[in-house]
Amino acid sequence: MSQKRLGGLKLRSEAGSASQFLPQRKSSTARHSAGRLCFAAICVWLSGYVTPSAAETSASSPNGEISIQADVDPLGRPIYKVLFRGTEVIGPSRIGLRFANTPGLAEGMKIESFNRRTADTTWEQPWGERRFVRDHHNELFVRFISDKTPSHKLGVRFRIFDDGLGFRYEVPDAFADGPLSIVDELTEFRLPKGSTAWWIPGRNWRRYEYLYRTTDLTSIDRVHTPFTVRTQSGIHISIHEAALIDYAAMALDQRRPAVFKADLAPRSDGTLVKKEGAFTTPWRTIQISADAVGLLNSDLILNLNEPNALGDVSWVEPGKYIGIWWAMHIRDKTFWQRGGHHGATTAEAMRYIDFAAENGFSGVLVEGWNTGWDASRHEISTKINFTQPTSDFDIEAVAAYARSKGVRLIGHHETFGNLTNYEQQLHAALDFNARYGMRHTKTGYVSDGGSLRKTDSGGITRREWHDGQVAVNHHLMVLKEAAKRKISINPHEPVKDTGLRRTYPNAVTREGARGQEYNAWGTPPNPPEHTAILPFTRMLAGPMDFTPGIFDLMPNRKPPVSEELGRSDEDNRVQTTLAKQLALYVVIYGPIQMAADLPENYDARPGPFQFIKDVPTDWDQSMALAGEVGDFVVFVRKEKGGADWYLGALTDENERALKLPLTFLDDGMNYTAHIYRDGDNAHWDTSPYDIAIEKKAVSSTEMLNLILAPGGGAAIRFEHVEDR
Ligand code: NOJ
Ligand code: CA
């Protein structure tokens with residue numbers, strides 16, 4: 001066993017490859033038998049490939065509760081399994097890859113070597129749910145080798161943390177004769193039968209924008225990740241991936257009852273992934289917890305991503321924004337100029353800038369500011385222009401006005417799913433945004449799943465998936481180009497988050513689920529349970545631009561602005577209480593948060609609006625205190641660099657009484673709790689505006705009783721006060 005420190009990184013190695021160890025280690029403790037050379041816990045497989053013992057290809061989490069074992073089955077198929085507190089949570093499941101043009105790494109394999117390592121480091125986030133993140137894990141690296149084609153090797157690196165594990169494939173280039181086309185990834189997750197699952201369908205036209213279904217595992221066909229299940233004994237498991245780079249996103253296909261297999265979004269040529277030379281895959285992740293809340297207090301996905309690659313990122317600015325946005329979704333205004341109801345006019349933008357400046361918002365998003373929106377549905381994706389404002393939007397004047405008020409414009413690039421049209425304009429478009437002082441750009445990829453357009457140099461247009469390798473590479477390219485200009489990116493209709501914000505901190509947030517917009521026009525709108533499921537599913541991936549804060553909860557009951565525009569069905573409404581809209585700012589994490597409603601709707605309710613003005617978007621610490629998937633959740637967060645704490649609690653369609661110890665508050669400190677709770681008669685359907693706003697002196701020794709109304713919530717600012 002060796003101990004060494006590498007630039008703050010504490011590593012403990014327990015084994016190595018033959019070439020690393022053989023010359024130096026002639027220890028008397030060495031055992032050499034049947035092709036196996038062992039030094040205490042260290043084994044290196046030399047030849048003959050005697051199956052190692054289970055203990056030798058196993059590894060556990062630092063606290064010993066999670067353990068994994070890698071193996072090969074009698075057909076030489078690499079497999080692994082996972083135990084939690086002695087119970088099998090992932091039964092023997094296959095691992096491996098197949099290629100179009102060379103033998104696969106799938107069967108006829110043996111274990112060639114393995115080694116272990118321990119790491120315990122703490123790293124700092126430039127922004128996030130918490131400032132410091134501990135990365136404490138044990139690692140097991142296993143190298144499988146093909147019987148028939150010994151040049152074919154498959155490395156599998158497992159990292160086991162107290163909150164779950166990740167593993168990835170590492171493929172050396174030794175056997176690759178030219179580019180490799182992956183045609184199958186065999187990774188399986190054999191889940192406990194009888195588990196309950198919360199899921200959205202994979203590979204469908206609305207991408208990730210589906211209502212979550214709560215069913216037994218057997219009702220599932222293909223799902224997106226994060227995919228969350230609860231076993232019959234109450235263990236919570238969520239499967240996802242980390243560091244999705246130059247690869248296709250993984251959905252899961254239920255192949256046999258309870259056996260979910262990786263199902264990579266294919267490229268337009270029918271292969272899954274193309275690779276040249278040695279490569280590693282994204283991490284396949286399994287978060288495991290004895291209760292639902294444990295899933296929320298996990299840093300697994302971030303820990304499996306590489307450190308910041310952008311250097312100084314002080315220009316990545318968390319903050320709150322408003323925008324010319326909701327007005328279009330409720331049909332008060334239009335994205336397009338024709339028809340006389342254009343939202344993005346110079347005067348309207350200035351009105352929003354005034355409101356932002358008066359109320360402390362750092363950004364103003366303006367959608368529909370550019371030419372192209374007037375084109376027909378079939379032409380719009382090729383006509384949309386990212387440097388040409390409409391004739392009624394004077395960008396020079398608006399940007400100068402914003403600057404004079406200390407507010408930044410937020411750029412908007414709706415690509416309508418035409419990757420090539422956007423890529424051709426990208427440099428000029430980002431230069432344009434930087435020139436006008438924009439630090440954030442919201443992008444959009446509205447188009448059916450599987451129909452992103454990519455045109456090659458010969459002019460042939462192909463269709464790609466929103467989460468295929470081509471789209472994944474597009475998104476990273478946009479991030480890198482944006483970073484060169486100090487711009488952060490917020491994609492809608494994105495590829496799912498896999499924690500890349502650690503490596504590229506300008507990946508601030510994204511959509512990738514049904515957001516607030518569905519309450520304007522979605523059929524049906526988001527039911528009360530939606531935001532009680534999101535934290536335990538979509539949000540495990542990372543921040544979301546949900547766009548909370550709608551105060552006019554029934555916008556479609558207003559008379560239409562014009563007959564031509566009309567309104568959506570009046571049942572399209574926000575199915576929450578007002579207090580729950582406030583709770584979303586704490587529950588649904590995002591370093592940039594929108595106050596999504598119209599300025600006049602905030603002016604009408606200054607009491608509750610105060611919470612939106614106060615709540616920060618960047619935190620020193622965050623904790624989920626209580627919750628059950630799909631029922632309710634309670635989060636507390638401490639503001640970055642300050643002493644105030646914030647609480648957000650929300651429930652589904654059921655009323656809930658919560659008793660919360662305030663032990664998270666700093667000991668010995670006094671606070672004034674500014675409580676925004678459901679009024680005594682509040683109900684999302686019948687009395688959604690009933691809100692009580694109260695002040696109370698509290699400290700960490702007290703208990704808080706909260707009643708959440710059906711479809712309701714609570715938001716609290718615990719303001720630190722020196723003295724009472
Ligand atoms: C869909 C996005 O989710 C929404 O926020 C945006 O306003 C529209 N596309 C138009 O770009
Ligand atoms: Ca959307």
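Would you pick out the residues in the range 209-219 that are free of Cβ contacts under 8 Å to residues at least 24 places away in the same chain and not in a helix (DSSP H, G or I)?
Result: ARG213, THR215, ASP216.
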Of the residues that sit in the range 523-572 and are in a loop (DSSP other than H, G, I, E, B) and of a type in the set (Lys, Arg), which one is farthest from ligand 1 (Cβ to nearest atom)? LYS558
Which strands (runs of 3 or more DSSP E) does the range 234-303 wholly contain that include 1 or more residues that are open to solvent by 10 Å² or more (accessible area, probe 1.4 Å), at pLDDT 95 or above and within 25 Å of GLU464 (Cα to Cα)? 250-256, 259-264, 273-275
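In the range 72-95, which residues are in contact with a Phe, Trp or Tyr (Cβ under 8 Å, 6 or more places away or on another chain) and either open to solvent by less than 10 Å² (accessible area, probe 1.4 Å) or over 30 Å from ASP291 (Cβ atoms) (or both)? Can you show your working first?
Taking the range 72-95 as the starting set, the residues that turn out to be in contact with a Phe, Trp or Tyr (Cβ under 8 Å, 6 or more places away or on another chain) are 72, 78, 80, 90, 92-93, 95.
Those that are in contact with a Phe, Trp or Tyr (Cβ under 8 Å, 6 or more places away or on another chain) and either open to solvent by less than 10 Å² (accessible area, probe 1.4 Å) or over 30 Å from ASP291 (Cβ atoms) (or both): VAL72, PRO78, TYR80, ILE90, SER93, ILE95.
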Report whether or not GLU511 is out of contact with any Leu (no Cβ under 7 Å at 6 or more places or on another chain), over 29 Å from LEU264 (Cβ atoms) and assigned to a loop (DSSP other than H, G, I, E, B). no
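Look through TYR436, TYR422 and report the one residue that is within 16 Å of ligand 1 (Cβ to nearest atom) and either at pLDDT 95 or above or among the acidic types (Asp, Glu) (or both).
Details: TYR436 fails: within 16 Å of ligand 1 (Cβ to nearest atom).
Just a single option satisfies the conditions, and that option is TYR422.
For ARG510, are the conditions met, namely being basic (Lys, Arg) and either within 16 Å of ligand 1 (Cβ to nearest atom) or not assigned by TED's automatic domain parsing to the domain that holds ILE380 (or both)? Break it down stepwise before answering.
Values: basic (Lys, Arg): yes; either within 16 Å of ligand 1 (Cβ to nearest atom) or not assigned by TED's automatic domain parsing to the domain that holds ILE380 (or both): yes.
Judged against the criteria, ARG510 is a match.
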When every residue in the range 451-466 that is open to solvent by less than 20 Å² (accessible area, probe 1.4 Å) and either among the polar types (S, T, N, Q) or within 16 Å of ligand 2 (Cβ to nearest atom) (or both) is compared, the one farthest from LEU264 (Cα to Cα) is LEU452
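Residues that are surrounded by fewer than 15 Cβ atoms within 10 Å (Cβ to Cβ): list the strands (runs of 3 or more DSSP E) wholly contained in the range 670-724 that include at least 2 such residues. Spell out the reasoning first.
Numbers: elements: 670-678, 691-698, 703-708, 713-721.
Fully inside the range 670-724 and qualifying: 691-698, 703-708.
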Count of residues meeting criterion [touching a residue at least 40 places away in the same chain (Cβ under 8 Å) and touching a Gly at 6+ places or on another chain (Cβ under 8 Å)] in the range 338-360: 5
Could you check the range 510-535 and list, in sequence order, the residues that are within 12 Å of ligand 2 (Cβ to nearest atom), open to solvent by 10 Å² or more (accessible area, probe 1.4 Å) and among the acidic types (Asp, Glu)? GLU517
Which of the numbered conditions does HIS474 fail, given that it passes all the others? Conditions: (1) open to solvent by 20 Å² or more (accessible area, probe 1.4 Å); (2) outside any strand (DSSP E or B). (1)
Within the range 332-343, restricting to residues that are under 16 Å from HIS412 (Cα atoms) and touching a His at 6+ places or on another chain (Cβ under 9 Å), the one that is surrounded by the fewest Cβ atoms within 10 Å (Cβ to Cβ) is TRP336
Counting only residues that are farther than 24 Å from LEU300 by Cβ and within 15 Å of ligand 1 (Cβ to nearest atom), which one in the range 487-507 is surrounded by the most Cβ atoms within 10 Å (Cβ to Cβ)? GLU493
Pairs, please: C-beta under 7 Å, at least 6 apart or cross-chain, first residue open to solvent by 50 Å² or more (accessible area, probe 1.4 Å) and in the range 394-408, second outside any helix (DSSP H, G or I) and among the aliphatic types (A, V, I, L, M)? ARG408/MET438
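Going through THR122, THR118, THR102 one at a time, which residue ends up being open to solvent by 10 Å² or more (accessible area, probe 1.4 Å), free of Cβ contacts under 8 Å to residues at least 60 places away in the same chain and assigned by TED's automatic domain parsing to the domain that holds ALA262?
Values: THR118 fails: free of Cβ contacts under 8 Å to residues at least 60 places away in the same chain; THR102 fails: free of Cβ contacts under 8 Å to residues at least 60 places away in the same chain.
Matching residue, one of THR122, THR118, THR102: THR122.
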Residues that are open to solvent by 10 Å² or more (accessible area, probe 1.4 Å), among the basic types (Lys, Arg) and at pLDDT 95 or above, at least 1 per element: which helices (runs of 4 or more DSSP H) completely within the range 573-660 meet that? 606-614
Answer yes or no: is there a residue in the range 522-543 that is in contact with a strand residue (DSSP E or B) (Cβ under 8 Å, 6 or more places away or on another chain) and either at pLDDT below 95 or closer than 21 Å to MET328 by Cβ (or both). no
Subset of the range 50-77, residues over 16 Å from PHE189 (Cα atoms), part of a strand (DSSP E or B) and without any contact (Cβ under 8 Å) to a residue 40 or more places away in the chain, comes to none
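Just a yes or no: is a residue in the range 561-571 more than 16 Å from ligand 2 (Cβ to nearest atom), surrounded by 18 or more Cβ atoms within 10 Å (Cβ to Cβ) and within 20 Å of ILE330 (Cα to Cα)?
Going through the range 561-571, the residues more than 16 Å from ligand 2 (Cβ to nearest atom) turn out to be 561-567, 569-571.
Checking which are surrounded by 18 or more Cβ atoms within 10 Å (Cβ to Cβ) leaves us with 567.
Subsequent filtering for residues that are within 20 Å of ILE330 (Cα to Cα) retains 567.
Taking every residue of the range 561-571 in turn, at least one turns out to be more than 16 Å from ligand 2 (Cβ to nearest atom), surrounded by 18 or more Cβ atoms within 10 Å (Cβ to Cβ) and within 20 Å of ILE330 (Cα to Cα).
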Yes or no: VAL142 hydrophobic (A, V, I, L, M, F, W, C), touching a Phe, Trp or Tyr at 6+ places or on another chain (Cβ under 6 Å) and farther than 22 Å from GLY468 by Cβ? yes
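For (1) within 17 Å of THR415 (Cα to Cα); (2) at pLDDT below 95; (3) more than 16 Å from ligand 2 (Cβ to nearest atom); (4) surrounded by fewer than 23 Cβ atoms within 10 Å (Cβ to Cβ), each residue gets a yes or a no:
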{"residue": "GLY323", "(1), (2), (3), (4)": "no, no, no, no"}
{"residue": "TRP326", "(1), (2), (3), (4)": "no, no, no, no"}
{"residue": "ILE330", "(1), (2), (3), (4)": "no, no, no, no"}
{"residue": "GLU348", "(1), (2), (3), (4)": "no, no, yes, yes"}
{"residue": "ARG351", "(1), (2), (3), (4)": "no, no, yes, yes"}
{"residue": "PHE361", "(1), (2), (3), (4)": "no, no, yes, no"}
{"residue": "LEU365", "(1), (2), (3), (4)": "yes, no, no, no"}
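The values are calculated or read from the model by the stated rules, or taken from the named source; none is laboratory data. Please read these numbers as outputs of a predicted model, since none were measured by experiment. Positions of Cβ are generated from backbone atoms using ideal geometry, with glycine treated the same way; all protein chains shown enter the neighbour counts. Surface areas here come from the heavy atoms of the whole protein model, side chains and all, with no ligands, DNA or RNA. Shrake-Rupley method; radii C 1.70, N 1.55, O 1.52, S 1.80 Å.
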